[in-house]
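Peer 1: Here it is, the structure in full.
Computed from the coordinates by the stated procedures, all read-outs in this text should not be read as laboratory data. Note that the coordinates shown come from a computational prediction; the quantities given were computed from them, not determined experimentally. Cβ: placed from backbone, ideal geometry, glycine included. Neighbour counts: every protein chain shown.
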Amino acid sequence: MSFEYHEPTSVAEAIDLGARFGADGRFLAGGTDLIIQIHRGKLRPRHVVSLHRVPGLDGIEANGSVTLGALVTHRALERHPAFQASLRALVEGAEVVGGHQVRNVGTVGGNIVNASPAADVTPVLLALDATVTCAGPRGERTLPLDGFLADPGQTALRPGELLTRVRFSTLSERSATAFLKAGRRRAMEISVVCVAARLTLDATGERFTEARIALGAVAPTTRRARAAEQALVGRAPTQAALREAGRLAAIESQPISDVRASARYRTLLVETLVTRALTRCLGRIRGTVS
Amino acid sequence: MTKLALTLTINGQRHEVLTEPNRTLLDVLRADLGLTGTKENCLEAECGVCTVLVDGRAVNACILLAAQCQGREVLTIEGLGRDGQLHPLQRAFIDHGAVQCGYCIPAMILSAKAYLEEHPTPTEGQVREALAGNLCRCTGYQKIVDAVLAAARESADRR
């Protein structure tokens, strides 16, 4: 592994370098995936463009909507006061990424661009209907995260383009989120299955007006379970409705058998975890669960 | 490959290093500077034996490029004791028999230090979570956790 190393000090300069190197270049954020893949020989960039001297990419803004700079670390997500209530799934997703050493440097932008099917933060962002903004030589474009993730390690990012920020709306007080992960042990584990959910109740508390369910490690990308989501909208908030959503999500998932678990076990986990995550959302809206 | 001239601050001392851009902080610490207290094992941020503190935060030196540490403060186990005195965490690890083969210990101590700076009175569960990124294959975790809790109590008593 050998490469030239670059440290741009502005987004414009980073994009120039990205455009110049195209597929021969890679942007470096936290490096917790990139450097390992370079060591393994899976990626062989001739140019590594480190972003850590580019100002303005590590900010969190929360007022009406939330904007996360691409270099926001998992550590920063875990500790931000705006994510301790209805957006709690962000904390729950971030705090199970590796150990402290990885969370101290690994970034939100990296988690998205790395496009692991088992990513823990992207399901939460999918459940929040997040958009991503990419900057390239032809300017900026903003697109839904849903659809941005193409395949393991593949996104809609064009060669040389830089993901600069992620944005989503803050939630009403009748909404809540939850994230659950299953692994063979509690810490330092790649998800066998992970689930992020968001529920919104109407003003009377009698019907769901919106539902989002996103799954990790059961398809080539993290993805939404749309049939399960649709089945909840307009339904009364009963345990039976939440269980049915779990069953539908299990039917929608397309897991594989691998070293971590069998496809059959993953399907069972999806059903259980989706129901549990939705139950937790409902409890949070009602204030009965922390 | 163009070499980079880096100025690294390690354990309070400035070092001028000329190195290839693909070399990690771990490479430079162990091979160039002879600071072998930072251990090398999985090289994939799984085991945590290469943990050092950069600007006070625990990081895996095996996946951090040396170039990324320019202008930042690096603390390794060699820089923890002061004036020939052991750091209270080092003393507690000895007192509690927390060291078996010892290979994971420098990193355990540095992870614990970073965590205690932020959470001076942790619970046992919090200490276990704080050390989740550090593996001990002697599986001496109980005594390691005991030592960290004791160091935290001792430092609370001193305040």
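Peer 1: Local charge sum around B:Gln70 (other residues, Cβ-Cβ under 10 Å, Lys/Arg +1, Asp/Glu -1)?
Peer 2: Values: positive: A:Arg53, B:Arg72; negative: A:Glu7.
Taking every other residue near B:Gln70 into account, the sum is +1.
Peer 1: Here's something else I'd like to know. At 7 Å along the Cα-to-beta-carbon direction for both A:Val289 and A:Arg185, put a label point, then send me their distance in nm to one decimal.
Peer 2: With each label point 7 Å from Cα toward Cβ, the separation is 2.7 nm.
Peer 1: Sticking with this one: List B:Lys143, B:Lys113, A:Lys42 from most exposed to least, where exposure is judged by having the fewest other Cβ atoms within 10 Å.
Peer 2: With the sparsest Cβ surroundings first, the list reads A:Lys42, B:Lys143, B:Lys113.
Peer 1: Rounded to the nearest Å, what's the spacing between the alpha carbon centres of the stretch A:252-267 and the stretch B:57-99? Just the number, please.
Peer 2: That distance is 41 Å.
Peer 1: Same structure again: In the stretch A:164-199, which residues have a backbone nitrogen under 20 Å from the label point lying 7 Å from A:Arg264's Cα in the Cα-to-Cβ direction?
Peer 2: Answer for the stretch A:164-199: A:183-184, A:192-193.
Peer 1: Exactly which trypsin sites (Lys or Arg not before Pro) in the stretch A:192-232 are in a DSSP loop and have at most 16 other Cβ atoms within 10 Å?
Peer 2: Working: sites: A:Arg198, A:Arg207, A:Arg212, A:Arg223, A:Arg224, A:Arg226; in loops: A:Arg207.
Those that pass, being in a loop and sparsely packed, are A:Arg207.
Peer 1: Here's a follow-up. Quick one: divide the alpha-carbon radius of gyration of the protein assembly as shown by 2.2 N^0.38 Å and tell me what you get. Walk me through the numbers before you get to the answer.
Peer 2: Numbers: Rg = 22.7 Å, N = 449, 2.2 N^0.38 = 22.4 Å.
The value comes to 1.01.
Peer 1: Between the stretch B:109-159 and the stretch B:1-51, what is the C-alpha centre distance in whole Å?
Peer 2: Taking the Cα centre of the stretch B:1-51 as reference, the centre of the stretch B:109-159 is 25 Å away.
Peer 1: Now for a separate question. Could you pull out every one of the lysines with an alpha carbon less than 28 Å from that of B:Lys143, ignoring same-chain neighbours closer than 8 positions?
Peer 2: Within the straight-line cut-off, B:Lys143 pairs with B:Lys39, B:Lys113.
Peer 1: For a quick check: sort B:Thr139, A:Thr177 by the number of other beta carbons within 10 angstrom, fewest at the front.
Peer 2: If I rank by nearby Cβ atoms, fewest first, I get B:Thr139, A:Thr177.
Peer 1: Nothing charged except the Cβ atoms of Lys and Arg (+1) and of Asp and Glu (-1): what's the magnitude of the dipole of the stretch B:35-159 about its Cα centre? Round to the nearest 20 debye.
Peer 2: 140 debye
Peer 1: With an 8 Å Cα cut-off and a minimum separation of 6 or more residues, compute the relative contact order for the stretch A:60-169 in percent.
Peer 2: This gives 30 percent for the stretch A:60-169.
Peer 1: If a/c stays under 1.5 just call it rounded; otherwise compare a/b with b/c (prolate if a/b is bigger, oblate if not). Do that for the stretch B:4-90, with a ≥ b ≥ c from the square roots of the Cα gyration tensor eigenvalues.
Peer 2: Oblate is the answer for the stretch B:4-90, as a/c is 1.5 or above yet b/c matches or exceeds a/b.
Peer 1: Starting from the exponent 0.38 and prefactor 2.2 Å, build the expected Rg for chain B from its residue count and divide its actual Cα Rg by it.
Peer 2: This ratio for chain B stands at 1.04.
Peer 1: For a label point 7 angstrom out from the Cα of A:Glu140 toward its Cβ, which stretches of the stretch A:32-64 have the backbone nitrogen within less than 14 Å?
Peer 2: Once the point is set 7 Å along Cα→Cβ of A:Glu140, A:56-59, A:61 turn out to lie under 14 Å by backbone N, inside the stretch A:32-64.
Peer 1: In a GNM of chain A with a 10 Å cut-off on Cα contacts, which of A:Gly205, A:Gly69, A:Gly246 has the highest mean-square fluctuation?
Peer 2: A:Gly205
Peer 1: Another one. How high is the relative contact order of chain A? Use alpha-carbon pairs under 8 Å, at least six apart in sequence, and give a whole percent. Don't skip to the answer; put the middle values down first.
Peer 2: On the way: 675 pairs, mean separation 46.4, N = 290.
With pairs under 8 Å counted, the relative contact order is 16 percent.
Peer 1: Averaging sequence separations of C-alpha pairs under 8 Å and six or more residues apart, then dividing by the length of chain B, give the relative contact order as a whole percent.
Peer 2: That works out to 23 percent.
Peer 1: Once the Cα gyration tensor of the stretch A:112-230 is diagonalised, what are the square roots of 5 times its eigenvalues, in whole Å and ordered largest first, as equivalent ellipsoid semi-axes?
Peer 2: On the way: eigenvalues 132, 82, 25 Å².
Working from the Cα gyration tensor, I get semi-axes of 26, 20, 11 Å.
Peer 1: Rounded, prolate or oblate: pick one for the stretch A:169-290, where a ≥ b ≥ c are the square roots of the eigenvalues of its C-alpha gyration tensor, a/c under 1.5 means rounded, and failing that, prolate if a/b is larger than b/c, else oblate.
Peer 2: Prolate is the answer for the stretch A:169-290, as a/c is 1.5 or above and a/b outweighs b/c.
Peer 1: If I model a spin label as a point 7 Å beyond the Cα along the Cα-Cβ vector, how far apart are those points for A:Asp202 and A:Arg247 in nm?
Peer 2: So the two model labels end up 2.5 nm from each other.
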